[in-house]
Amino acid sequence: MSLVEKSPAKGSSLGPLPRLRLYSSPRLYGRTLYTAITGKTKRGDDVAVLEAEIRRRLGIKHGIAMPMARVGIYLAVKHTIKPGQKVILSPYTIADVINMVICAGGIPTFADIDRKTCNLDPKNVAPLIDGDTGAVLVTHFYGQVADMPALQRVCAPRGIPIIEDAAQAFGGRAGNRPAGTVGHAGIYSFGMYKNVNAFYGGMLVTDDDALAQALRSEMAAWPYQSLRGLVAKMGAAVQIELVTWPPVFRLFFFRLFRWAYLNQIDAINDRLKIDVDPKLKTSLPESYQSQLTPLQARLILSQLAKVDDHAASRLESARLYYQGLADIEELIVAPLCEDRQHIYWYYPIQHADRRALVSHVMRAGRDITPSYHKNCAALPCFSQFARSCPNAQATADQLIYLPTYPRYAKAEVAKTVRAIRSFFGR
(Lines give C-alpha, C1' and ligand atoms only; values in the text may rest on other atoms or scores of the structure.)
Protein backbone atom coordinates (compact mmCIF):
# COMPACT_ATOMS: atom_id res chain seq x y z
CA MET A 1 0.00 0.00 0.00
CA SER A 2 1.45 3.36 -1.03
CA LEU A 3 1.90 6.01 1.61
CA VAL A 4 -0.15 8.41 -0.51
CA GLU A 5 -2.85 5.89 -1.45
CA LYS A 6 -6.33 7.29 -1.00
CA SER A 7 -8.97 5.70 1.18
CA PRO A 8 -11.52 3.33 -0.35
CA ALA A 9 -14.49 4.81 -2.16
CA LYS A 10 -16.54 5.07 1.02
CA GLY A 11 -13.76 7.00 2.77
CA SER A 12 -12.73 10.56 2.10
CA SER A 13 -9.65 11.74 0.19
CA LEU A 14 -9.24 14.09 3.14
CA GLY A 15 -8.23 12.12 6.22
CA PRO A 16 -10.10 12.01 9.54
CA LEU A 17 -9.53 13.91 12.73
CA PRO A 18 -6.70 12.33 14.77
CA ARG A 19 -7.20 9.67 17.41
CA LEU A 20 -5.99 12.08 20.11
CA ARG A 21 -5.48 15.77 20.85
CA LEU A 22 -3.86 17.17 23.94
CA TYR A 23 -5.97 19.20 26.33
CA SER A 24 -4.09 22.40 25.64
CA SER A 25 -4.25 25.73 23.88
CA PRO A 26 -1.87 28.37 22.49
CA ARG A 27 -2.39 30.26 25.75
CA LEU A 28 -1.08 27.28 27.74
CA TYR A 29 2.17 27.26 25.77
CA GLY A 30 2.43 31.04 25.74
CA ARG A 31 2.00 31.30 29.49
CA THR A 32 4.56 28.55 30.10
CA LEU A 33 7.13 30.08 27.78
CA TYR A 34 6.63 33.61 29.14
CA THR A 35 6.95 32.43 32.74
CA ALA A 36 10.10 30.48 31.92
CA ILE A 37 11.69 33.47 30.17
CA THR A 38 10.82 35.89 32.97
CA GLY A 39 12.03 33.55 35.71
CA LYS A 40 8.65 33.30 37.45
CA THR A 41 8.30 29.52 37.32
CA LYS A 42 8.77 29.12 41.07
CA ARG A 43 7.24 32.39 42.28
CA GLY A 44 3.90 32.73 44.01
CA ASP A 45 1.67 30.79 46.39
CA ASP A 46 -0.29 29.14 43.57
CA VAL A 47 0.40 25.59 44.77
CA ALA A 48 -1.34 26.35 48.05
CA VAL A 49 -4.17 28.03 46.14
CA LEU A 50 -4.54 24.93 43.94
CA GLU A 51 -4.56 22.57 46.92
CA ALA A 52 -7.26 24.68 48.58
CA GLU A 53 -9.35 24.69 45.41
CA ILE A 54 -9.07 20.90 45.08
CA ARG A 55 -10.17 20.51 48.70
CA ARG A 56 -13.14 22.77 48.09
CA ARG A 57 -14.06 21.17 44.78
CA LEU A 58 -13.91 17.60 46.07
CA GLY A 59 -15.07 18.10 49.65
CA ILE A 60 -11.93 16.52 51.09
CA LYS A 61 -9.74 17.53 54.05
CA HIS A 62 -6.33 17.39 52.36
CA GLY A 63 -5.09 17.99 48.85
CA ILE A 64 -1.33 17.59 48.38
CA ALA A 65 0.26 18.55 45.06
CA MET A 66 2.42 15.86 43.47
CA PRO A 67 5.12 16.04 40.78
CA MET A 68 3.44 13.10 39.04
CA ALA A 69 0.52 10.81 39.83
CA ARG A 70 2.83 7.82 40.08
CA VAL A 71 4.73 9.55 42.89
CA GLY A 72 1.41 9.96 44.68
CA ILE A 73 0.86 6.20 44.37
CA TYR A 74 4.34 5.57 45.77
CA LEU A 75 3.80 7.85 48.76
CA ALA A 76 0.30 6.59 49.47
CA VAL A 77 1.43 2.96 49.47
CA LYS A 78 4.60 3.65 51.46
CA HIS A 79 2.74 5.43 54.25
CA THR A 80 -0.24 3.06 54.31
CA ILE A 81 1.31 -0.41 54.42
CA LYS A 82 4.07 -2.03 56.42
CA PRO A 83 7.20 -3.01 54.44
CA GLY A 84 6.75 -6.42 52.85
CA GLN A 85 2.97 -6.40 52.90
CA LYS A 86 0.95 -7.34 49.83
CA VAL A 87 -0.84 -4.76 47.71
CA ILE A 88 -3.66 -6.22 45.63
CA LEU A 89 -4.02 -4.45 42.28
CA SER A 90 -4.96 -4.81 38.64
CA PRO A 91 -2.31 -6.13 36.24
CA TYR A 92 -3.85 -4.11 33.39
CA THR A 93 -2.05 -0.79 33.80
CA ILE A 94 1.25 0.92 33.07
CA ALA A 95 4.36 -0.75 34.44
CA ASP A 96 5.27 2.20 36.65
CA VAL A 97 2.17 1.67 38.79
CA ILE A 98 3.58 -1.75 39.67
CA ASN A 99 7.02 -0.19 40.13
CA MET A 100 5.69 2.37 42.58
CA VAL A 101 4.27 -0.40 44.76
CA ILE A 102 7.62 -2.20 44.69
CA CYS A 103 9.60 0.99 45.40
CA ALA A 104 7.29 1.69 48.35
CA GLY A 105 8.08 -1.68 49.92
CA GLY A 106 4.95 -3.52 48.82
CA ILE A 107 4.53 -6.90 47.15
CA PRO A 108 2.33 -6.60 44.02
CA THR A 109 -0.44 -9.20 44.10
CA PHE A 110 -2.40 -9.27 40.87
CA ALA A 111 -6.17 -9.75 40.82
CA ASP A 112 -7.90 -10.27 37.49
CA ILE A 113 -10.19 -7.65 35.97
CA ASP A 114 -13.70 -7.29 34.60
CA ARG A 115 -13.53 -7.32 30.79
CA LYS A 116 -16.18 -4.64 30.20
CA THR A 117 -14.83 -1.99 32.57
CA CYS A 118 -11.13 -3.00 32.49
CA ASN A 119 -11.14 -2.50 36.27
CA LEU A 120 -10.49 -4.78 39.25
CA ASP A 121 -13.21 -7.36 39.66
CA PRO A 122 -14.19 -7.35 43.38
CA LYS A 123 -14.94 -11.08 43.36
CA ASN A 124 -11.30 -11.71 42.38
CA VAL A 125 -10.00 -9.48 45.19
CA ALA A 126 -11.64 -11.21 48.14
CA PRO A 127 -9.82 -14.59 47.83
CA LEU A 128 -6.43 -12.85 47.80
CA ILE A 129 -6.86 -10.98 51.08
CA ASP A 130 -5.01 -12.52 54.00
CA GLY A 131 -3.04 -11.47 57.06
CA ASP A 132 -0.20 -10.15 54.89
CA THR A 133 -2.39 -7.79 52.86
CA GLY A 134 -1.67 -4.10 53.44
CA ALA A 135 -3.89 -2.38 50.87
CA VAL A 136 -5.93 -2.69 47.71
CA LEU A 137 -4.91 -0.33 44.91
CA VAL A 138 -7.78 0.22 42.49
CA THR A 139 -7.35 1.98 39.15
CA HIS A 140 -10.30 3.73 37.50
CA PHE A 141 -9.23 2.80 33.99
CA TYR A 142 -10.08 4.85 30.89
CA GLY A 143 -12.14 7.10 33.17
CA GLN A 144 -14.48 4.23 34.11
CA VAL A 145 -14.89 4.29 37.86
CA ALA A 146 -14.48 0.89 39.54
CA ASP A 147 -17.22 -0.72 41.61
CA MET A 148 -16.26 1.01 44.85
CA PRO A 149 -19.28 -0.16 46.92
CA ALA A 150 -18.46 -3.79 46.14
CA LEU A 151 -14.76 -3.25 46.89
CA GLN A 152 -15.64 -1.56 50.18
CA ARG A 153 -17.82 -4.52 51.14
CA VAL A 154 -14.82 -6.77 50.55
CA CYS A 155 -12.20 -4.57 52.24
CA ALA A 156 -13.91 -2.72 55.09
CA PRO A 157 -14.79 -5.74 57.28
CA ARG A 158 -11.16 -6.87 57.05
CA GLY A 159 -9.73 -3.42 57.78
CA ILE A 160 -7.98 -3.22 54.40
CA PRO A 161 -7.50 0.36 53.14
CA ILE A 162 -8.29 1.18 49.50
CA ILE A 163 -6.03 3.50 47.52
CA GLU A 164 -7.64 4.95 44.38
CA ASP A 165 -5.54 5.50 41.28
CA ALA A 166 -7.83 8.05 39.65
CA ALA A 167 -5.18 9.32 37.22
CA GLN A 168 -7.59 8.94 34.28
CA ALA A 169 -10.78 9.78 36.20
CA PHE A 170 -10.52 13.36 37.45
CA GLY A 171 -14.12 14.56 37.30
CA GLY A 172 -15.69 11.10 37.59
CA ARG A 173 -17.93 10.00 40.43
CA ALA A 174 -18.37 6.97 42.66
CA GLY A 175 -21.99 7.22 43.73
CA ASN A 176 -22.43 10.62 45.34
CA ARG A 177 -18.69 11.13 45.91
CA PRO A 178 -16.00 12.29 43.49
CA ALA A 179 -13.85 9.43 42.26
CA GLY A 180 -10.66 9.40 44.32
CA THR A 181 -12.31 10.53 47.57
CA VAL A 182 -13.93 7.25 48.63
CA GLY A 183 -10.85 5.31 49.70
CA HIS A 184 -8.07 6.00 52.18
CA ALA A 185 -6.33 8.14 49.55
CA GLY A 186 -6.86 9.07 45.93
CA ILE A 187 -4.41 10.17 43.25
CA TYR A 188 -5.05 12.27 40.14
CA SER A 189 -2.81 13.03 37.17
CA PHE A 190 -2.33 16.38 35.47
CA GLY A 191 0.17 14.99 32.97
CA MET A 192 0.50 15.84 29.31
CA TYR A 193 -2.16 13.41 28.03
CA LYS A 194 -4.75 14.00 30.76
CA ASN A 195 -7.91 16.10 30.77
CA VAL A 196 -6.09 18.74 32.82
CA ASN A 197 -2.64 19.29 31.33
CA ALA A 198 0.29 20.76 33.27
CA PHE A 199 2.86 18.68 31.32
CA TYR A 200 3.79 16.99 34.61
CA GLY A 201 1.81 17.01 37.82
CA GLY A 202 -0.68 15.32 40.07
CA MET A 203 -2.63 15.57 43.32
CA LEU A 204 -3.13 13.25 46.28
CA VAL A 205 -6.28 13.67 48.36
CA THR A 206 -7.16 12.17 51.72
CA ASP A 207 -9.15 12.75 54.89
CA ASP A 208 -6.39 11.17 56.99
CA ASP A 209 -4.48 13.85 58.93
CA ALA A 210 -1.56 11.57 59.78
CA LEU A 211 -1.09 10.45 56.17
CA ALA A 212 -1.17 14.05 54.93
CA GLN A 213 1.42 15.12 57.49
CA ALA A 214 3.71 12.18 56.66
CA LEU A 215 3.58 13.01 52.95
CA ARG A 216 4.29 16.70 53.45
CA SER A 217 7.21 15.88 55.76
CA GLU A 218 8.77 13.51 53.23
CA MET A 219 8.38 15.93 50.33
CA ALA A 220 9.55 19.02 52.23
CA ALA A 221 13.18 18.68 51.15
CA TRP A 222 12.41 17.85 47.52
CA PRO A 223 13.28 20.61 45.01
CA TYR A 224 10.83 22.10 42.55
CA GLN A 225 10.34 20.36 39.24
CA SER A 226 13.24 21.57 37.08
CA LEU A 227 12.59 24.22 34.48
CA ARG A 228 14.65 22.21 32.03
CA GLY A 229 12.40 19.20 32.51
CA LEU A 230 9.26 21.27 32.06
CA VAL A 231 10.55 22.90 28.88
CA ALA A 232 11.57 19.49 27.50
CA LYS A 233 8.10 18.13 28.22
CA MET A 234 6.52 21.18 26.61
CA GLY A 235 8.70 20.60 23.56
CA ALA A 236 7.43 17.02 23.32
CA ALA A 237 3.87 18.31 23.64
CA VAL A 238 4.43 20.83 20.84
CA GLN A 239 5.59 18.01 18.57
CA ILE A 240 2.40 16.08 19.30
CA GLU A 241 0.35 19.22 18.67
CA LEU A 242 1.96 19.68 15.27
CA VAL A 243 1.48 16.04 14.27
CA THR A 244 -2.17 16.03 15.37
CA TRP A 245 -3.05 19.52 14.10
CA PRO A 246 -6.05 18.65 11.90
CA PRO A 247 -4.99 20.45 8.67
CA VAL A 248 -1.63 18.65 8.70
CA PHE A 249 -2.85 15.36 10.13
CA ARG A 250 -5.71 15.01 7.66
CA LEU A 251 -3.52 15.77 4.65
CA PHE A 252 -0.38 13.84 5.59
CA PHE A 253 0.12 12.24 9.01
CA PHE A 254 -2.98 10.06 8.90
CA ARG A 255 -1.66 8.44 5.72
CA LEU A 256 1.73 7.99 7.38
CA PHE A 257 0.24 6.35 10.48
CA ARG A 258 -2.11 4.19 8.40
CA TRP A 259 0.76 3.01 6.21
CA ALA A 260 2.89 2.32 9.30
CA TYR A 261 0.13 0.32 11.00
CA LEU A 262 -0.77 -1.73 7.94
CA ASN A 263 2.92 -2.50 7.36
CA GLN A 264 3.80 -2.96 11.05
CA ILE A 265 6.44 -0.22 11.18
CA ASP A 266 6.90 -0.03 14.95
CA ALA A 267 9.34 2.89 14.81
CA ILE A 268 6.39 5.02 13.65
CA ASN A 269 3.56 3.17 15.40
CA ASP A 270 5.19 3.69 18.81
CA ARG A 271 5.61 7.45 18.47
CA LEU A 272 2.30 8.26 20.19
CA LYS A 273 2.56 5.49 22.79
CA ILE A 274 4.00 5.34 26.30
CA ASP A 275 5.29 2.39 28.32
CA VAL A 276 6.78 0.80 25.20
CA ASP A 277 9.74 -0.82 27.03
CA PRO A 278 8.70 -1.58 30.65
CA LYS A 279 11.43 -2.28 33.19
CA LEU A 280 11.56 -3.15 36.89
CA LYS A 281 12.33 -0.37 39.38
CA THR A 282 13.20 -1.13 43.00
CA SER A 283 13.84 2.40 44.29
CA LEU A 284 12.18 5.71 43.53
CA PRO A 285 14.18 7.47 40.78
CA GLU A 286 15.78 10.72 41.88
CA SER A 287 14.12 12.47 38.92
CA TYR A 288 10.71 11.66 40.45
CA GLN A 289 11.57 13.41 43.72
CA SER A 290 10.44 16.95 43.06
CA GLN A 291 7.59 19.32 43.83
CA LEU A 292 4.95 20.86 41.62
CA THR A 293 5.91 24.42 40.65
CA PRO A 294 3.67 27.49 41.03
CA LEU A 295 3.68 27.73 37.22
CA GLN A 296 2.14 24.27 36.90
CA ALA A 297 -0.39 25.08 39.61
CA ARG A 298 -1.47 28.16 37.64
CA LEU A 299 -1.87 26.04 34.51
CA ILE A 300 -4.06 23.56 36.40
CA LEU A 301 -6.17 26.27 38.02
CA SER A 302 -6.86 27.84 34.62
CA GLN A 303 -8.36 24.57 33.31
CA LEU A 304 -10.56 23.40 36.19
CA ALA A 305 -13.61 25.30 34.98
CA LYS A 306 -13.65 23.20 31.79
CA VAL A 307 -13.52 19.77 33.44
CA ASP A 308 -17.27 19.21 33.69
CA ASP A 309 -18.05 20.46 30.16
CA HIS A 310 -15.31 18.27 28.72
CA ALA A 311 -16.66 15.27 30.62
CA ALA A 312 -20.14 15.92 29.26
CA SER A 313 -18.75 16.01 25.72
CA ARG A 314 -16.92 12.71 26.19
CA LEU A 315 -20.06 11.16 27.66
CA GLU A 316 -22.00 12.15 24.55
CA SER A 317 -19.36 10.48 22.36
CA ALA A 318 -19.52 7.36 24.54
CA ARG A 319 -23.30 7.32 24.18
CA LEU A 320 -22.98 7.40 20.37
CA TYR A 321 -20.42 4.61 20.37
CA TYR A 322 -22.54 2.49 22.69
CA GLN A 323 -25.73 3.03 20.70
CA GLY A 324 -23.91 2.25 17.47
CA LEU A 325 -21.94 -0.81 18.56
CA ALA A 326 -23.63 -2.52 21.51
CA ASP A 327 -25.67 -4.83 19.27
CA ILE A 328 -22.55 -6.38 17.69
CA GLU A 329 -22.09 -9.64 19.58
CA GLU A 330 -18.49 -10.06 18.46
CA LEU A 331 -17.50 -6.91 20.36
CA ILE A 332 -17.07 -6.20 24.05
CA VAL A 333 -18.07 -2.58 24.55
CA ALA A 334 -17.76 -0.40 27.64
CA PRO A 335 -20.99 0.00 29.62
CA LEU A 336 -22.85 3.28 29.31
CA CYS A 337 -23.33 5.24 32.53
CA GLU A 338 -25.47 8.32 32.10
CA ASP A 339 -24.96 9.59 35.66
CA ARG A 340 -21.43 10.94 35.10
CA GLN A 341 -19.90 8.04 36.98
CA HIS A 342 -17.63 7.36 33.99
CA ILE A 343 -15.85 10.17 32.16
CA TYR A 344 -14.61 8.03 29.21
CA TRP A 345 -11.00 9.16 28.77
CA TYR A 346 -11.25 6.88 25.73
CA TYR A 347 -14.13 4.63 24.75
CA PRO A 348 -12.71 1.08 24.83
CA ILE A 349 -13.96 -1.80 22.72
CA GLN A 350 -12.51 -5.30 22.38
CA HIS A 351 -12.45 -7.78 19.51
CA ALA A 352 -10.75 -11.16 19.20
CA ASP A 353 -9.12 -10.24 15.87
CA ARG A 354 -8.06 -6.72 16.79
CA ARG A 355 -5.53 -6.33 14.01
CA ALA A 356 -8.03 -7.19 11.29
CA LEU A 357 -10.62 -4.79 12.70
CA VAL A 358 -8.22 -1.86 13.13
CA SER A 359 -6.76 -2.47 9.66
CA HIS A 360 -10.23 -2.42 8.11
CA VAL A 361 -11.17 0.79 9.90
CA MET A 362 -7.89 2.47 8.99
CA ARG A 363 -8.37 1.50 5.33
CA ALA A 364 -11.85 3.02 5.54
CA GLY A 365 -10.25 6.35 6.43
CA ARG A 366 -10.68 6.38 10.21
CA ASP A 367 -7.92 6.84 12.81
CA ILE A 368 -8.16 4.40 15.72
CA THR A 369 -5.47 2.42 17.49
CA PRO A 370 -4.89 -0.70 19.60
CA SER A 371 -4.28 -0.22 23.31
CA TYR A 372 -0.66 0.02 24.41
CA HIS A 373 -1.48 -1.19 27.94
CA LYS A 374 -0.22 -4.61 28.89
CA ASN A 375 -0.95 -7.45 31.28
CA CYS A 376 1.78 -6.67 33.82
CA ALA A 377 1.22 -10.04 35.50
CA ALA A 378 2.80 -11.65 32.44
CA LEU A 379 5.66 -9.20 31.76
CA PRO A 380 9.18 -10.63 32.10
CA CYS A 381 10.30 -7.68 34.25
CA PHE A 382 7.71 -8.67 36.87
CA SER A 383 8.18 -12.43 36.57
CA GLN A 384 8.69 -12.86 40.33
CA PHE A 385 5.12 -11.61 40.84
CA ALA A 386 3.61 -13.50 37.89
CA ARG A 387 0.06 -14.74 38.19
CA SER A 388 -2.51 -16.08 35.73
CA CYS A 389 -4.97 -13.28 34.87
CA PRO A 390 -6.77 -14.44 31.72
CA ASN A 391 -9.16 -11.48 31.53
CA ALA A 392 -6.29 -9.00 31.75
CA GLN A 393 -4.38 -10.90 29.06
CA ALA A 394 -7.38 -11.03 26.73
CA THR A 395 -8.02 -7.32 27.27
CA ALA A 396 -4.39 -6.46 26.56
CA ASP A 397 -4.58 -8.49 23.33
CA GLN A 398 -7.96 -7.24 22.12
CA LEU A 399 -8.62 -3.69 23.31
CA ILE A 400 -8.98 -0.76 20.89
CA TYR A 401 -9.20 2.94 21.77
CA LEU A 402 -11.97 5.01 20.20
CA PRO A 403 -11.49 8.80 20.44
CA THR A 404 -13.64 10.86 22.81
CA TYR A 405 -11.67 14.09 23.34
CA PRO A 406 -13.95 17.16 23.21
CA ARG A 407 -12.63 18.47 19.89
CA TYR A 408 -13.45 15.14 18.21
CA ALA A 409 -16.62 16.06 16.34
CA LYS A 410 -19.70 13.91 16.87
CA ALA A 411 -19.89 13.51 13.08
CA GLU A 412 -16.47 11.85 13.30
CA VAL A 413 -17.81 9.47 15.95
CA ALA A 414 -20.63 8.50 13.58
CA LYS A 415 -18.18 7.83 10.75
CA THR A 416 -16.02 5.68 13.01
CA VAL A 417 -19.08 3.70 14.11
CA ARG A 418 -20.08 3.13 10.48
CA ALA A 419 -16.58 1.93 9.58
CA ILE A 420 -16.57 -0.54 12.50
CA ARG A 421 -20.04 -1.81 11.65
CA SER A 422 -19.01 -2.37 8.04
CA PHE A 423 -16.31 -4.78 9.23
CA PHE A 424 -19.07 -7.01 10.58
CA GLY A 425 -21.25 -6.59 7.48
CA ARG A 426 -23.76 -4.39 9.33
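The table for this structure:
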| item | result |
| --- | --- |
| Residue in the range 192-201 that is on the phi > 0 side of the Ramachandran plot, in contact with a Ser or Thr (Cβ under 8 Å, 6 or more places away or on another chain), crowded, with 19+ Cβ neighbours inside 10 Å and not β-branched (Val, Ile, Thr) present | yes |
| All positions within the range 9-36 that are modelled with pLDDT under 85, more than 18 Å from residue 248 (Cα to Cα) and surrounded by fewer than 13 Cβ atoms within 10 Å (Cβ to Cβ) | 9, 10 |
| Checklist (1) without any contact (Cβ under 8 Å) to a residue 12 or more places away in the chain; (2) within 20 Å of the chain's Cα centre (by Cα) applied to residue 137, failing item | (1) |
| Single match in 144, 152 (criterion: out of contact with any Gly (no Cβ under 6 Å at 6 or more places or on another chain), touching a residue at least 60 places away in the same chain (Cβ under 8 Å) and more than 17 Å from residue 77 (Cβ to Cβ)) | 144 |
| Yes/no for residue 366 being modelled with pLDDT of 95 or more and outside any strand (DSSP E or B) | yes |
| Evaluation of residue 321 against (1) of a type in the set (Phe, Trp, Tyr); (2) farther than 17 Å from residue 16 by Cβ; (3) under 20 Å from the mean Cα position of the chain (by Cα) (one fails), failing number | (2) |
| Residue among 268, 274 that is more than 26 Å from residue 99 (Cα to Cα), under 23 Å from the mean Cα position of the chain (by Cα) and among the β-branched types (Val, Ile, Thr) | 268 |
| Given (1) in a loop (DSSP other than H, G, I, E, B); (2) in contact with a strand residue (DSSP E or B) (Cβ under 9 Å, 6 or more places away or on another chain), index of the condition residue 283 fails | (2) |
| Of all residues in the range 202-239 being among the polar types (S, T, N, Q) and buried (at least 18 other Cβ atoms within 10 Å of the Cβ), the one that is nearest to residue 179 (Cα to Cα) | 206 |
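Yes/no matrix, rows are residues, columns are (1) in the same structural domain as residue 411 (by TED's automatic domain parsing); (2) within 24 Å of residue 372 (Cα to Cα):
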| site | (1), (2) |
| --- | --- |
| 229 | no, no |
| 235 | no, yes |
| 238 | no, yes |
| 242 | no, yes |
| 252 | yes, yes |
| 260 | yes, yes |
| 291 | no, no |
| 298 | no, no |
| 312 | yes, no |
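The values are calculated or read from the model by the stated rules, or taken from the named source; none is laboratory data. Note that the structure is predicted; figures quoted are calculated from it, not measured. Note that each Cβ is placed from the backbone with ideal geometry, even for glycine, and that neighbours are counted across all protein chains shown.
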